[in-house]
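Below is one structure, written out as structure tokens; comments come after it.
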Amino acid sequence: MRCAKTALLAPGATTALDPPGVLELDETPEAGVAREVWEETGIRVEVDELTGVYKNTTRGIVALVFRCKPSGGVERTSSESTAVSWLTPDEVSERMAEVYAIRLLDALDGAGPHVRSHDGKHLIPVGSQVMPDDLVPGDG
């Protein structure tokens, strides 16, 4: 499972968002998020809630995004990260590709969890994905 890209915080907010990572076989998603954030940013976090599920339809990857609260540590980079940035929502929109920015903006809006799909570059509007005939809901 993969998580959102970089640790980000809107000024004045108290929530951070987690870096990418893959769960260990014996880890819960929440424990994996906390471990990955620590390893890649030096920041300790308390995992708050699942804010979105995002499917890359081209690569077949599903990303779970959690809102987290910083609880300690010191910001630093690692062999897996080049920067730890604290950005406003406007800066997120300006600096990140739409398919990554939406994950962070969704996490800040408090209306999740959101479920979205993308092709690696662009969001796919809800309802525009074609389901195989044998997977049509209600055919149970």
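Before we move on, is Ile43 more than 25 Å from His118 (Cβ to Cβ) and of a type in the set (Val, Ile, Thr)? So Ile43 fits the description; yes.
The set of residues in segment 112-124 that are open to solvent by less than 50 Å² (accessible area, probe 1.4 Å) and over 15 Å from the mean Cα position of the chain (by Cα) contains only Ile124. Each residue in segment 85-129 was checked for being small (Gly, Ala, Ser), touching a Lys or Arg at 6+ places or on another chain (Cβ under 6 Å) and within 21 Å of Thr41 (Cβ to Cβ), and 1 of them qualify.
One residue is enough: does segment 119-131 have a residue meeting the conditions modelled with pLDDT of 85 or more, not aromatic (Phe, Trp, Tyr) and not in a loop (DSSP other than H, G, I, E, B)? Yes; the residues of segment 119-131 include at least one that is modelled with pLDDT of 85 or more, not aromatic (Phe, Trp, Tyr) and not in a loop (DSSP other than H, G, I, E, B). Restricted to segment 76-100, and to residues there that are more than 14 Å from the chain's Cα centre (by Cα), in contact (Cβ under 8 Å) with a residue 40 or more places away in the chain and not in a strand (DSSP E or B), the residue that is surrounded by the fewest Cβ atoms within 10 Å (Cβ to Cβ) is Ala83.
Filter segment 101-118 down to the residues that are under 18 Å from Phe66 (Cβ atoms) and either hydroxyl-bearing (Ser, Thr, Tyr) or assigned to a helix (DSSP H, G or I) (or both) and list them by number.
Across segment 101-118, the qualifying residues are Ala101, Ile102, Arg103, Leu104, Leu105, Asp106, Ala107, Leu108, Asp109.
Residue count for segment 106-129 under the criterion of being β-branched (Val, Ile, Thr) and in contact with a Gly (Cβ under 9 Å, 6 or more places away or on another chain): the result is 1.
For every residue, the table says whether it meets (1) among the polar types (S, T, N, Q); (2) more than 29 Å from Ile124 (Cα to Cα); (3) over 11 Å from the mean Cα position of the chain (by Cα).
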site	(1), (2), (3)
Ala31	no, yes, yes
Ala34	no, yes, yes
Val37	no, no, yes
Glu40	no, yes, yes
Thr57	yes, no, yes
Val74	no, yes, yes
Arg103	no, no, no
Ala107	no, no, no
Gly110	no, no, yes
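If you go through segment 41-53 one residue at a time, do you hit one that is in a helix (DSSP H, G or I) and touching a strand residue (DSSP E or B) at 6+ places or on another chain (Cβ under 8 Å)? Spell out the reasoning first.
Our first condition is that a residue be in a helix (DSSP H, G or I); within segment 41-53, this holds for 41.
Pick out the ones that are also touching a strand residue (DSSP E or B) at 6+ places or on another chain (Cβ under 8 Å) and you get 41.
Within segment 41-53, one or more residues are in a helix (DSSP H, G or I) and touching a strand residue (DSSP E or B) at 6+ places or on another chain (Cβ under 8 Å).
Restricting segment 40-75 to residues that are open to solvent by 70 Å² or more (accessible area, probe 1.4 Å) and out of contact with any Lys or Arg (no Cβ under 6 Å at 6 or more places or on another chain) leaves a set whose member that is farthest from Leu105 (Cα to Cα) is Val74.
The values are calculated or read from the model by the stated rules, or taken from the named source; none is laboratory data. Quick caveat, the model's predicted, so the values are computed rather than measured. Note that we place each Cβ from the backbone using ideal geometry, even for glycine, and neighbour counts take in every protein chain shown. Ligands, DNA and RNA are excluded from the accessible area calculation, which covers all protein heavy atoms including side chains. Shrake-Rupley method; radii C 1.70, N 1.55, O 1.52, S 1.80 Å.
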